[in-house]
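Some notes on the structure that comes next.
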Amino acid sequence: MHRALLLLKKVPKGKVVSYGELARNCKTSPRAIGIVMKSNPFPEKYPCYKVVGSDGRLVGYSGKGGLKTKIMLLKSEGVKIDGGKISGNYFYKLS
């Protein structure tokens, strides 16, 4: 299992993490993290919907329903989304 997926389990309810933050912690690139998230075999166990752009943009979600599902899942955890973005106070620092 890729380290990035394991790190996702540390992100608390109501928080998100950026591709860049995961990349720094895994010593790889944000693009590589995107590939790992896209191939996540167990999205219910490894919550890849919590991964967003470093500026808070909601980018990509390969799960059923795409971005609409990502938005629904984030909102169900109390994350506020304004104009397709999430404010910095919802970001979780892994290190």
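The values are calculated or read from the model by the stated rules, or taken from the named source; none is laboratory data. Values in this document were obtained by computation on a predicted structure and should not be read as measured data. Here the Cβ positions follow ideal geometry from the backbone for every residue, glycine too, while neighbour counts run over all protein chains shown.
Filter the range 12-40 down to the residues that are crowded, with 19+ Cβ neighbours inside 10 Å and of a type in the set (V, I, T) and list them by number.
V16, V17, I33, V36
Could you check the range 1-30 and list, in sequence order, the residues that are touching a helix residue (DSSP H, G or I) at 6+ places or on another chain (Cβ under 8 Å), under 17 Å from S54 (Cβ atoms) and among the basic types (K, R)?
Selection gives K15 alone.
Please identify the pairs in which a residue from the range 80-95 that is at positive phi has its Cβ atom under 7 Å from the Cβ atom of a residue that is outside any helix (DSSP H, G or I) and exposed (fewer than 14 other Cβ atoms within 10 Å of the Cβ), counting only partners at least 6 apart or on another chain.
G84/R57
Are there any pairs, at least 6 apart or on different chains, whose C-beta atoms fall under 6 Å, with the first in the range 42-59 and farther than 15 Å from Y90 by Cα and the second assigned to a loop (DSSP other than H, G, I, E, B), and if so, which?
Note: pairs meeting the criteria are P43/G63; Y46/N40; C48/N40; V59/G53.
Would you mention how many residues in the range 39-69 are at pLDDT 90 or above, among the aromatic types (F, W, Y) and under 18 Å from G84 (Cβ atoms)?
1
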